[in-house]
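I have placed the structure first, in the form of C-alpha cells, so that the comments after it can refer back to it.
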Amino acid sequence: MTIAVIYGGRSGEHEVSLVSAAAIASNIKKENKVLLIGITKAGKWYLQPDAEYERICKDSKAVLTIKEDESKAVSIVPAGGKKAFVAGGKPLDIDVVFPALHGTYGEDGTIQGLFEMADIPYVGCTPLASALTMDKEKTKLIWQSVGLPVVPYVCIKRSVVLDSIVYDAVIEETEKELGYPMFVKPCCAGSSNGASKAKDRKELQFAIMEAFNWDDKILVEKSLNNAREIECSVTGNSVTYPADSDVEDVVAYIPGEIKPNHDFYDFDAKYNDPDGANLMVPAELSENDLEKIRKTACAAYKVLDATGLSRVDFFIDRDSKAVYLNEINTMPGFTPISMFPKMCDAAGLKFPELVDLLIKEAVARYEAKSKLSTSR
C-alpha cells in the first residue's frame with residue numbers, strides 16, 4: 001500500500017506538523033511505501049525526495065523539511081482516486097492519505113473536503129466533523145445540547161469590536177457573567193495560538209485584540225479555580241462503529257494529566273520549554289473517575305460524528321471536583337512530548353500499531369462510504 005503523509009501547511013502550527021509528520025511517517029510499517037508531500041506556509045504543495053523519508057527513518061529526532069522543487073509541485077485531479085495526486089506531470093498512485101496537519105487548513109474541514117472531491121481515503125474526521133470541532137463555540141453548543149458539561153463562556157465576533165458602544169456593553173456583561181480571571185482564545189485556532197489569561201479589564205482588552213489576530217470570532221471563558229487539565233485519546237468511527245470491527249470501534253484510552261509549570265498550558269509550555277509541563281499518564285484519579293472521563297470522552301466524540309482519532313480535553317475544578325469538557329482536537333500532536341500517542345501507549349497500543357490502526361480505519365470508512373448511493 002502507498003501512503004502519502006502530508007505535512008506543514010498554512011497554519012500557526014506549521015512547525016509542530018513537521019515534527020508530528022516525521023514521527024508518523026517513520027512509524028508506518030515498512031511493507032508500505034511512504035510518499036512525503038510538504039505544504040509550505042504559502043500553501044504550495046511539493047512532493048519530497050525519497051532521501052527525506054530515508055533521513056527521518058534513520059534519526060528518531062529528525063524533523064521534516066520542505067524542499068520547494070517546482071518540477072515536483074503537486075496538483076490534484078477531482079475524482080482521480082488513486083491517481084488524483086500528480087507531480088511533475090505523473091500520477092503518484094496513492095492508496096490512502098495521512099494528513100499530519102494541525103490547525104487552519106489542516107483540521108478545519110478544508111483539506112478533508114479536497115480529499116472527498118479527489119475520491120481518496122484519508123485519516124481523520126470528515127469535512128463536517130472537522131469544521132465543527134475546529135470551531136470551539138459550535139463544539140460547545142453541540143455538547144451543551146446533549147447535556148455535556150462545558151466551561152461557562154462568552155463568544156465575541158469581530159463585528160462587536162467595530163461598534164464601540166456595543167463592545168463596551170459586551171465587555172461589561174462578560175465581566176459580570178464570568179468574573180476575573182478569564183481565558184481568551186480564538187474560536188478556530190490550535191496549540192494555544194492567540195490564547196491569553198486576563199486578570200483585569202486592561203489585560204482583557206489586550207487579550208481580545210491578540211485573539212482577533214488569529215480569528216474573526218473569539219471565546220472568553222471563566223477561569224476555574226486552579227483547574228486540573230485532563231486529556232483522553234479516542235479512536236474509531238462514531239457513525240458506524242460496527243460491532244464486528246476492531247478497526248472502527250470507538251475506544252477511549254487511558255486518560256492523562258498535564259501539570260503546567262507556566263501560568264497556563266500555552267504554546268511555549270507545549271512546544272518550546274522542555275520543562276513547560278509535567279505529563280502524567282495515567283492521570284492521578286481514582287479508577288471510577290478515570291472511567292467517567294473515558295465515557296464522557298466517547299460521548300463528546302460520538303455526538304460530533306468524529307472519525308479516525310481525536311484528543312478530548314477536560315478541566316476538573318479542584319474545589320467542586322466538577323468535570324468540564326474543554327475542547328476536542330481532531331489531529332492531535334504526534335511529537336515526542338504529545339499526549340495522544342502517550343495515552344494510547346499506556347493502554348497497550350504502541351506507536352506503530354496506532355498509526356496502522358488509523359490507516360486501516362481510513363480505508364474501511366472509505367470502502368463503506370463508496371457503497372452508498374449518490375444518484376438515482
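The values are calculated or read from the model by the stated rules, or taken from the named source; none is laboratory data. Model, not experiment: these values are computed from the prediction. Cβ coordinates were reconstructed from backbone atoms using ideal geometry, including for glycine residues, and neighbour counts include every protein chain displayed. Accessible surface is based on the protein model in full, side chains and every heavy atom, while ligands, DNA and RNA are left aside. Shrake-Rupley method; radii C 1.70, N 1.55, O 1.52, S 1.80 Å.
Can you tell me which residue among 349, 372, 358, 354 is over 30 Å from residue 220 (Cα atoms), in contact with a Cys (Cβ under 7 Å, 6 or more places away or on another chain) and not β-branched (Val, Ile, Thr)? Break it down stepwise before answering.
Details: 349 fails: in contact with a Cys (Cβ under 7 Å, 6 or more places away or on another chain); 372 fails: in contact with a Cys (Cβ under 7 Å, 6 or more places away or on another chain); 358 fails: in contact with a Cys (Cβ under 7 Å, 6 or more places away or on another chain).
One residue alone meets the criteria, 354.
Is region 127-139 home to any residue that is outside any strand (DSSP E or B) and more than 16 Å from the chain's Cα centre (by Cα)? Please lay out each step first, then the result.
Here is the first cut: in region 127-139, the residues outside any strand (DSSP E or B) are 127-139.
Filter once more, keeping what is more than 16 Å from the chain's Cα centre (by Cα): none.
No: region 127-139 contains no residue that is outside any strand (DSSP E or B) and more than 16 Å from the chain's Cα centre (by Cα).
Here's the yes/no breakdown for (1) without any contact (Cβ under 8 Å) to a residue 40 or more places away in the chain; (2) of a type in the set (Gly, Ala, Ser); (3) closer than 24 Å to residue 128 by Cα:
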residue	(1), (2), (3)
196	yes, yes, no
200	yes, no, no
204	yes, no, no
209	yes, no, no
237	no, no, yes
244	yes, no, no
252	no, yes, yes
259	yes, no, no
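Just for region 87-122: of the residues that are of a type in the set (Phe, Trp, Tyr) and in contact with a Phe, Trp or Tyr (Cβ under 8 Å, 6 or more places away or on another chain), which one is nearest to residue 29 (Cα to Cα)?
Going residue by residue through region 87-122, those that are of a type in the set (Phe, Trp, Tyr) are 98, 105, 115, 122.
Filter once more, keeping what is in contact with a Phe, Trp or Tyr (Cβ under 8 Å, 6 or more places away or on another chain): 98, 115, 122.
On the way: 98: 14, 115: 23, 122: 17 Å.
Selected residue: 98.
With respect to residue 336, is the statement that it is modelled with pLDDT under 95 and surrounded by fewer than 18 Cβ atoms within 10 Å (Cβ to Cβ) true? Before the answer, list the steps.
Details: modelled with pLDDT under 95: yes; surrounded by fewer than 18 Cβ atoms within 10 Å (Cβ to Cβ): yes.
Considered against the rule, which asks whether it is modelled with pLDDT under 95 and surrounded by fewer than 18 Cβ atoms within 10 Å (Cβ to Cβ), residue 336 comes out as yes.
Of all the residues that make up region 23-56, how many are among the basic types (Lys, Arg) and within 20 Å of the chain's Cα centre (by Cα)?
Restricting attention to region 23-56, the residues satisfying the condition of being among the basic types (Lys, Arg) are 29-30, 33, 41, 44, 55.
After this cut, where a residue has to be within 20 Å of the chain's Cα centre (by Cα) as well, the list is 41.
Adding up the residues that qualify gives 1.
Please go through (1) buried (at least 18 other Cβ atoms within 10 Å of the Cβ); (2) over 23 Å from residue 328 (Cβ atoms) for residue 234 and return the number of the only condition it doesn't satisfy.
Going through the list (1) buried (at least 18 other Cβ atoms within 10 Å of the Cβ); (2) over 23 Å from residue 328 (Cβ atoms), residue 234 breaks only (2).
Of these, 362, 347, which one is closer than 24 Å to residue 20 by Cα, in contact with a Phe, Trp or Tyr (Cβ under 7 Å, 6 or more places away or on another chain), small (Gly, Ala, Ser) and open to solvent by less than 50 Å² (accessible area, probe 1.4 Å)? Working first, answer last.
On the way: 347 fails: open to solvent by less than 50 Å² (accessible area, probe 1.4 Å).
When all the criteria are applied, what remains is 362.
Can you tell me which condition residue 151 does not meet? The list is (1) open to solvent by 40 Å² or more (accessible area, probe 1.4 Å); (2) out of contact with any Gly (no Cβ under 8 Å at 6 or more places or on another chain); (3) aliphatic (A, V, I, L, M), and all the others hold.
Only one criterion is unmet by residue 151, namely (1).
Answer yes or no as to whether residue 356 is open to solvent by 20 Å² or more (accessible area, probe 1.4 Å), touching a residue at least 40 places away in the same chain (Cβ under 8 Å), part of a helix (DSSP H, G or I) and closer than 25 Å to residue 106 by Cα.
Considered against the rule, which asks whether it is open to solvent by 20 Å² or more (accessible area, probe 1.4 Å), touching a residue at least 40 places away in the same chain (Cβ under 8 Å), part of a helix (DSSP H, G or I) and closer than 25 Å to residue 106 by Cα, residue 356 comes out as yes.
Report yes if some residue within region 196-211 is closer than 22 Å to residue 138 by Cα, open to solvent by less than 20 Å² (accessible area, probe 1.4 Å) and out of contact with any Ser or Thr (no Cβ under 9 Å at 6 or more places or on another chain); otherwise report no.
No: zero hits.
Which residues, taken from region 259-311, are buried (at least 19 other Cβ atoms within 10 Å of the Cβ), outside any loop (DSSP other than H, G, I, E, B), charged (D, E, K, R) and at pLDDT below 90?
270, the sole residue that qualifies.
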